[in-house]
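Please read the structure below before turning to the comments.
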Amino acid sequence: MEKKLLKILICINCLGTLQFSNKKLKCNACNKQYEVIDRIPIMLKEDKNLMLKFKNKRHPITKFQFNALDVACGIEPTGDVNVDTENIYLKYGIRPQNFIIASATALPFKNKSFKTANVRWLLEHLKDEEVLMTIKEVERVAERAIFVVPNAYFVPGSWKYSCTAIGTKYREIMLHSPHIQIFNEKMLRELLKGTFKNVRIYGEGTWIEIPILEKFFSLLAKKIPFFSQSLKAYCE
């Protein structure tokens with residue numbers, strides 16, 4: 001395992017430092033062990049109560065050991081360190097750089113280990129408390145963050161409603177969708193400003209498939225998020 005990565009990893013049980021030996025990560029404080037399979041550390045929470053305990057602890061601090069963290073990286077990892085709850089190497093044969101199996105609600109890293117965290121297409125899949133915890137965790141481990149989420153306007157019927165942190169109306173509209181949250185610009189800004197000081201939101205992408213119109217609407221979406229199928233938030 002890369003020594004630089006080991007420097008920022010912490011035990012999600014007690015926040016202790018870890019050492020790597022015999023294909024396992026072992027906590028120096030509580031002796032908890034994490035399996036490392038195919039050079040991939042598995043650091044998932046074992047129970048739901050850990051999420052509540054984890055957010056109340058005082059985490060150790062480091063400073064920018066890596067440039068970018070990709071949270072819920074999926075099959076398109078972009079980070080120097082990449083995190084997902086699925087073993088995408090086992091499932092898809094894709095091995096991201098410095099890949100760790102962990103939850104966005106309990107990231108196994110010291111404070112400010114990264115300059116930037118990318119969180120793309122994740123928040124819409126999480127329950128309310130998980131959304132808030134993920135935002136807090138991302139702010140804790142990174143100096144700034146980029147969130148990409150679906151735009152409420154492009155979900156049939158949802159533009160009629162005033163979106164809040166709880167996407168109740170959206171759930172009624174999209175009963176068979178894997179998404180359980182929906183966002184518009186105002187709601188997303190309010191949600192993120194509770195944690196980050198500066199939040200800038202842009203539109204990203206459109207549904208148009210005609211090249212000339214695609215280019216036109218993409219330029220328009222950068223200035224007016226209303227015209228985009230997704231919203232991109234830059235947070236510091």
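Bear in mind these aren't lab numbers, they're just calculated from the coordinates by the rules spelled out. The model shown is predicted, which means the values in this text are computed figures rather than measured ones. Reconstructed Cβ throughout: ideal geometry from the backbone, glycine too, with neighbour counts over all protein chains shown.
Show me, for region 29-40, the HN-Hα J-couplings you get by feeding each phi into the Karplus relation (A = 6.51, B = -1.76, C = 1.60, θ = phi - 60°), rounded to Hz, glycine and proline as x.
Values, residue by residue: 9, 10, 6, 5, 10, 10, 6, 10, 10, 6, 6, 10 Hz.
Quote the FRET efficiency, to the nearest 0.05, computed for Glu190 versus Ile212 with a Förster distance R0 of 45 Å and r equal to the Cβ-Cβ distance.
For R0 = 45 Å, the calculated efficiency reads 0.80.
Between region 1-20 and region 31-49, what's the alpha-carbon centroid distance in Å?
So the two Cα centres are separated by 11 Å.
In vacuo Debye scattering of the chain, one point per C-alpha: log10 I(q)/I(0) at q = 0.11, 0.14 Å⁻¹?
So the normalised log intensities work out to -0.59, -0.92.
How much length, in nm to one decimal, is gained on full extension between Arg58 and Lys7, taken as 0.36 nm per residue of separation minus their Cα-Cα distance?
Stretched out fully, the Arg58 to Lys7 stretch lengthens by 16.6 nm.
Quick one: if the Förster radius is 35 Å, what FRET efficiency do Asn198 and Ile37 give, using the C-beta to C-beta distance and rounding to 0.05?
The formula returns an efficiency of 0.30 here.
Compute the angle between helix 128-141 and the longest alpha-carbon principal axis of the chain, please, reported from 0 to 90 degrees and rounded to the nearest 10.
60 degrees
Using the beta-carbon distance between Tyr234 and Asn22 and R0 = 41 Å, what value does 1/(1 + (r/R0)^6) give for FRET efficiency, to the nearest 0.05?
The calculated FRET efficiency here is 0.45.
Need the C-alpha centroid separation for region 213-232 versus region 97-116, integer Å.
Here the answer is 31 Å between Cα centres.
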